Amino acid sequence: MRYLTPVTLLLGALAVITPLQSQSAPDATSWPNIIPPTGQTTLLNWLNKSGYKENFLPEPKIHASPVHGTVKTYYNPILAGDLHAKRKVFRKGAAMVKELYSGNKVTGYSVMVKVQKHANTQGPDWLFYETADKTGQNALLGRNLSACAGCHSEGVDYLRSTFRPYK
Ligand code: HEC
């Protein structure tokens, strides 16, 4: 229940902008704290400033991931709206931020942003980003990065987490 209020507001906002979307999809410039920026430096700065915390929906708890260590994942309102509508292919702009923890400290981030409308393993659908140390040194960034996309292709349009903000 506690997720309903911001999401209801945001779903309302989505309904309002839907006619605009058919002309030009929203991007990081028009929705800075809903869609993560996709440049190496801008994305890292945005993460370090916790840009996702304002509007994204968090998992209820930090937990162990089978792959990513100790994590807490956040979904943006576009993805949350898609899950609410039971869509299996997410809209452009859908995004997840995963905080990577060491103890109770955030030490890095994994991010996915849907940059094209349709899932297509041949095409540039998802941007993947990962930094293990918050400095961006040795960060990975790329569309459909094979290091990430192979395993994520087993998910629902590349979403692997079973966290659903709605029942
Ligand atoms: C061997 C499989 C595997 C690989 C490789 C992998 N992931 Fe994941 N990822 C998972 C699984 C499983 C989850 C869901 C469990 C969890 O961590 O919460 C997940 C969750 C995520 C999430 C949260 C959204 C979601 O899909 O659940 C993000 C963001 C993410 N991974 C990013 C990345 C990035 C970036 C890379 C490459 C640098 C990557 N992953 C590589 C298996 C993988």
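Here Leu57, Leu141 are placed in order of increasing Cβ neighbour count within 10 Å, fewest first, which gives Leu141, Leu57.
Ranked for footprinting exposure by Cβ neighbours inside 10 Å, fewest first, Asp133, Asp82, Asp157 give Asp133, Asp157, Asp82. Separation of the alpha carbons by more than 18 angstrom is noted, of Lys53/Lys105; Lys72/Lys92; Lys61/Lys92; Lys72/Lys105, for Lys72/Lys92; Lys61/Lys92. Listed by Cβ neighbour count within 10 Å, with the fewest neighbours leading, His68, His63 appear as His63, His68.
Annotation for segment 64-167: GluC sites (Glu not before Pro) lying in DSSP loop with at most 14 further Cβ atoms inside 10 Å of their Cβ are Glu154. For a test of the definition: using alpha carbon positions, the gyration tensor, and the 1.5 limit on a/c, classify segment 58-159 as rounded, prolate or oblate. It comes out oblate by the Cα gyration axes. Could you please report the charge total around Glu99, scoring K, R as +1 and D, E as -1 over all other residues with beta-carbon less than 11 angstrom from its beta-carbon? Cβ neighbours under 11 Å give a net charge of +4.
Throughout, read-outs are computed from the coordinates displayed, never taken from laboratory work. Everything numeric in this text was worked out from a predicted model, so none of it was measured. Don't worry about glycine lacking a Cβ; one is built from the backbone with ideal geometry, like all the others, and counts go over all protein chains shown.
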